[in-house]
Amino acid sequence: MPKGNQSIPLPPEWEIAKDPETGRVFFVDHINRRTQWIDPRDRLTKPLSFADCVGDELPYGWEMAFDPSAGVYYVDHIRKKNQLTDPRLEWRNMQINMLNDYLQQAGFAELLPTASVTGTTTTATTAQGTPISNSSASIQSDMDPRNVAAIASSNFNSHMFRTNVGLYNRASLEQSLAASKARVAQLKRELDANYNLLTIIDKYYKKDNKTEASAVEV
């Protein structure tokens with residue numbers, strides 16, 4: 001039960017109960033005549049989606065549990081399913097893939113590497129498939145939305161001139177310039193919205209580097 005929930009009253013006709021066998025707390029909804037593991041007050045204190053989470057938070061409806069034989073697993077109370085894979089890593093991988101797809105469609109695929117987070121291992125490659133150095137500074141620099149926007153803005157005029165000078169008149173070039181600037185602005189907004197990905201990737205790189213350093217010392 002989240003610490004802040006104890007000071008918040010339960011909704012009308014709700015009750016806290018305890019399983020006599022396991023001692024686990026559950027919640028009784030007398031209006032709808034049902035029970036649930038989720039504290040209804042969590043809706044007021046927890047993020048409602050992975051996009052709203054900060055750091056290692058889990059959103060409303062998710063719980064991390066432990067089984068002696070299986071180890072750590074994750075419970076999705078909303079969809080009523082369990083899984084061993086950390087859903088936060090699944091979501092971050094999905095966001096990275098979405099960003100890469102957008103960059104490729106917008107013609108800026110070379111500006112952002114492809115990163116994959118699985119467990120505690122993070123790998124990154126360029127658009128051409130060349131591995132990127134396993135350092136947080138490298139990926140931080142490449143994925144920083146401010147750097148992406150700056151690179152796109154500085155290279156845009158020369159790029160458009162080379163590709164379109166022989167094909168379009170001045171009006172078409174100005175129209176293409178405005179449309180591409182709008183795409184760059186939209187890209188920056190999307191990268192800003194997903195900026196917390198950098199923090200997570202940086203953390204896993206640091207963890208991997210520490211593990212490698214310990215192995216070398218031994």
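The values are calculated or read from the model by the stated rules, or taken from the named source; none is laboratory data. Every value quoted in this text rests on a predicted model; they were computed, and no experiment measured them. When we count neighbours, we look across all protein chains shown, and the Cβ atoms used for this are built from the backbone with ideal geometry, even at glycine.
Matching residues to (1) closer than 30 Å to Leu191 by Cβ; (2) modelled with pLDDT of 90 or more; (3) not in a helix (DSSP H, G or I):
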| residue | (1), (2), (3) |
| --- | --- |
| Pro9 | no, no, yes |
| Gly23 | no, no, yes |
| Pro59 | yes, yes, yes |
| Glu63 | no, yes, yes |
| Tyr73 | no, yes, yes |
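Among the criteria (1) surrounded by 10 or more Cβ atoms within 10 Å (Cβ to Cβ); (2) closer than 30 Å to Glu190 by Cβ; (3) out of contact with any His (no Cβ under 9 Å at 6 or more places or on another chain), the one Val28 does not fulfil is (2).
Are any residues in the stretch 61-89 within 16 Å of the chain's Cα centre (by Cα) and loosely packed, with under 15 Cβ neighbours inside 10 Å, and if so, which ones? Passing the criteria: only Thr85.
If you check Leu99, Leu44, Leu48, Leu58 for being among the hydrophobic types (A, V, I, L, M, F, W, C), within 26 Å of the chain's Cα centre (by Cα) and either exposed (fewer than 12 other Cβ atoms within 10 Å of the Cβ) or in the same structural domain as Lys181 (by TED's automatic domain parsing) (or both), only one passes: Leu99.
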